[in-house]
Amino acid sequence: MNDALLTEIDHVAIAVHDLDAAVAWYAEAFGATVAHRERVERDGVEEALLEVADSYVQLLTPTRDDSPVAKYLASKGEGLHHVGYRVEDCAVALQSIKDMGGRVIDEVPRPGSRGTTVAFVHPKTSFGTLIELVEE
Ligand code: CO
């Protein structure tokens, strides 16, 4: 058993239909400001990161119809999409899942937003929650 491969909650990702409306709502309700905004073409998403202490709320919206987030919104509607856990070494954490016979979405770590290295773990493996391993 591995100890403490997860070092921090990196972000909690929430899928929304209208990114600007969600950003405006967080600003009005909580005074939250956007620390980073990025369009990730490869994933077909645009994200806005709102800083909360050392973590982020990541508001996520699809940029095209075949994006996984578009499919998620169509089937489940808006809401919690995934949890991003910060790790020291994405490859090591991913291997730990594979060693347990777990199902992963990314077989190898790949580039994420903000210059991070990431890998997704299949929710069927992790009690119904899509997990993103994030190495800064
Ligand atoms: Co994420």
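Does ASP89 satisfy the condition of being touching a strand residue (DSSP E or B) at 6+ places or on another chain (Cβ under 8 Å), away from the ligand (no atom under 16 Å from the Cβ) and closer than 17 Å to GLU8 by Cα? Taking the combined requirement at face value, the residue satisfies it. Under the condition of being more than 16 Å from the ligand (Cβ to nearest atom), farther than 12 Å from LEU60 by Cβ and part of a helix (DSSP H, G or I), the residues counted in region 13-41 number 9. Of the residues making up region 32-86, those that are among the basic types (Lys, Arg) and more than 17 Å from HIS11 (Cα to Cα) number 4.
Against the condition under 26 Å from THR125 (Cβ atoms), within 11 Å of the ligand (Cβ to nearest atom) and modelled with pLDDT under 95, how does ASP10 come out, does it pass? Criteria not met by ASP10. Among the residues making up region 42-89, those that are under 15 Å from the mean Cα position of the chain (by Cα) and surrounded by fewer than 13 Cβ atoms within 10 Å (Cβ to Cβ) are ARG42, GLY79, LEU80. Here ALA74 does not qualify as more than 19 Å from ILE105 (Cβ to Cβ), away from the ligand (no atom under 11 Å from the Cβ) and modelled with pLDDT of 95 or more. Selection of region 1-34 for residues being in contact with a helix residue (DSSP H, G or I) (Cβ under 7 Å, 6 or more places away or on another chain) and either among the polar types (S, T, N, Q) or free of Cβ contacts under 8 Å to residues at least 24 places away in the same chain (or both) yields ASN2, THR33, VAL34.
The values are calculated or read from the model by the stated rules, or taken from the named source; none is laboratory data. As the structure is a prediction and not an experimental result, all values here were calculated from the model. For neighbour counting, all protein chains shown are included, and Cβ atoms are generated from backbone atoms with ideal geometry for every residue, glycine included.
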